[in-house]
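Just so it is clear, none of the values below were taken in a lab; they were calculated from the coordinates. Computed from a predicted structure; not experimentally measured. Virtual Cβ from ideal backbone geometry, glycine too; neighbours counted across all protein chains shown.
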Amino acid sequence: MEIVSSRLSSALEKIFQLSGLNRNGMNTEPMEEKALDVYDVIRSIRDPEKPNTLEELEVVTEKCVEIQELNEDEFLIIIRFSPTVPHCSLATLIGLCIQVKLQRCLPFKHKLEIYISEGTHSTEEDINKQINDKERIAAAMENPNLREIVEQCVAEPDD
């Protein structure tokens, strides 16, 4: 009987693995797919100073996106980006661009947290507070000069 139980357990484990389900029946594949979808949205954001995208400068990578399921139809998206230099004066603006583009482009209900990767900026704690403060984001987007810069950064590149 133990042999049958062991083989059944092994077979079920293989089925879960191949189907993308975990033991609780939750599908893990869509989280990875959603993370890639989020990455596809932010990778084309242009750097405010350079003619490159955040992907080209390795400010964002596929690994910087984490998705957690809050409930059946809502997700927590956590982005950890790395400025090009530890004293980057535009890190807050980059975080704002990521925030704006994701709010506009994601087709599913979500909460968003954006952070500077630990140890990659000299004032990361202060910037993390700023880029996750909804009132500051709203105030920043009311500034016409700042809004124009953000719009240029988040505009889709011409193909």
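Taking every alpha-carbon pair under 8 Å whose residues sit at least 6 apart, the stretch 63-159 reaches a relative contact order of 28 percent.
A cut-off under 14 angstrom between Cβ atoms defines the neighbours of Leu70, and their net charge, with Lys, Arg +1 and Asp, Glu -1, is -3.
One chain, two ends: Ala138 and Glu66. Fully extended at 0.36 nm per residue, the span grows by 23.5 nm beyond their Cα-Cα distance.
Potential lengthening of the chain between Leu106 and Lys50 amounts to 17.6 nm, from the contour at 0.36 nm per residue minus the alpha-carbon distance.
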